[in-house]
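The values are calculated or read from the model by the stated rules, or taken from the named source; none is laboratory data. Please read these numbers as outputs of a predicted model, since none were measured by experiment. Because the Cβ atoms are built from the backbone with ideal geometry, glycine has one as well, and the counts that use them run over all protein chains shown. Accessible surface is based on the protein model in full, side chains and every heavy atom, while ligands, DNA and RNA are left aside. Shrake-Rupley method; radii C 1.70, N 1.55, O 1.52, S 1.80 Å.
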Amino acid sequence: MTTIATFGEDFPLTYFVPSLMASGVTQANETVSAQEYLAYAREDLKSEDNRALINAFGNAKRSIHKLVDDLIFQYGLSGHCRRLSFPQKLQTLSELEIVSPFVLSALNVDRNAVEHDYVAPSLKRTREAVDVAELLLLAMSGFRFGIPYEGFCCWRKDRRHVLLRLNPWQCTLTLHKYVRPNGARFRTVAGVRCYWQQVRDTEYRYYLEVSDTPWKSIPMTKAHKPTWGPILHEFVQLQKFKRFDVPFVTMTLDERFVDVFKGGPSAGRSISQLANAQGFEIPSS
């Protein structure tokens with residue numbers, strides 16, 4: 001059984017049990033990663049003329065921007081951040097305690113000088129920018145892994161035990177009713193009544209019958225931020241302190257897995273399509 005997180009009375013959920021954690025969720029049709037932009041910047045630095053320095057600084061900036069946009073997408077915040085400036089995107093991630101904006105803001109000042117004032121960055125400042133990009137990739141890479149995209153919880157307001165899904169493509173949190181199977185178990189943890197049964201097996205098949213149509217859908221927009229904001233913030237804390245110990249269900253998602261992820265529960269379809277999407281072998285029963 002995985003770790004159960006319980007919450008106080010001011011939180012929308014009473015508890016959360018992860019059943020599906022994923023990494024590498026990316027937008028479709030993107031061909032250059034943050035790591036590749038950083039590699040280009042390192043290559044540019046092999047020369048020290050103005051052209052090389054401008055290119056290196058620009059690619060370091062692109063690496064950072066790509067990483068920030070990846071994180072925003074992976075947490076389902078693309079819609080919320082669509083019209084935000086880069087500093088405002090950083091503020092959004094800062095509120096979730098993923099990144100501090102101070103170093104990146106300083107880097108943004110130099111970017112404006114290069115792009116608008118036609119000033120080539122110095123070799124020293126360019127090397128610093130590339131180093132900052134590399135350090136940020138290392139520091140923030142942990143938040144790209146093990147994001148909880150699904151879990152069993154109790155919605156406090158209605159006292160209803162439901163399956164919660166974070167959908168990064170549709171930028172929503174959805175809550176789905178379930179049909180209680182024979183022998184479903186609950187247990188009191190830290191004074192909270194929690195579902196105490198594995199939600200999926202090792203082949204990602206549900207033990208539960210879950211409704212395809214959400215019981216409740218929460219758009220991740222500014223208007224609904226008081227609801228989804230605390231949930232995402234707590235997910236980040238759970239990742240940061242490794243409070244999720246998941247021995248049975250983890251996987252990697254990318255755009256090839258969109259149809260499966262968006263299609264809801266399916267015992268026969270999901271495991272075969274997941275295997276095809278990621279190329280791993282299905283464990284024998």
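Got a number for residues in region 26-62 being under 21 Å from PRO168 (Cβ atoms) and open to solvent by less than 60 Å² (accessible area, probe 1.4 Å)?
Going residue by residue through region 26-62, those that are under 21 Å from PRO168 (Cβ atoms) are 26-35.
So of that shortlist, the ones also open to solvent by less than 60 Å² (accessible area, probe 1.4 Å) come out as 26, 28, 32-34.
Final tally of qualifying residues: 5.
Condition check ((1) over 20 Å from the mean Cα position of the chain (by Cα); (2) aliphatic (A, V, I, L, M); (3) at pLDDT 75 or above) across all residues:
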site: TYR195; (1), (2), (3): yes, no, yes
site: TYR204; (1), (2), (3): no, no, no
site: LEU208; (1), (2), (3): yes, yes, yes
site: PRO214; (1), (2), (3): yes, no, yes
site: HIS224; (1), (2), (3): no, no, yes
site: GLY229; (1), (2), (3): no, no, yes
site: PHE235; (1), (2), (3): no, no, yes
site: ARG243; (1), (2), (3): no, no, no
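Suppose we keep only residues that are under 22 Å from the mean Cα position of the chain (by Cα) and among the acidic types (Asp, Glu) within region 119-170. Which one would you say is surrounded by the most Cβ atoms within 10 Å (Cβ to Cβ)?
The residue in question is GLU150.
Determine if region 101-115 includes at least one residue that is within 29 Å of the chain's Cα centre (by Cα), at pLDDT below 65 and assigned to a loop (DSSP other than H, G, I, E, B).
yes
Need pairs with beta-carbon distance below 6 Å; first residue of a type in the set (Gly, Ala, Ser) and within region 177-198, second surrounded by 11 or more Cβ atoms within 10 Å (Cβ to Cβ) and modelled with pLDDT of 85 or more; sequence gap 6+ or separate chains.
ALA190/THR6
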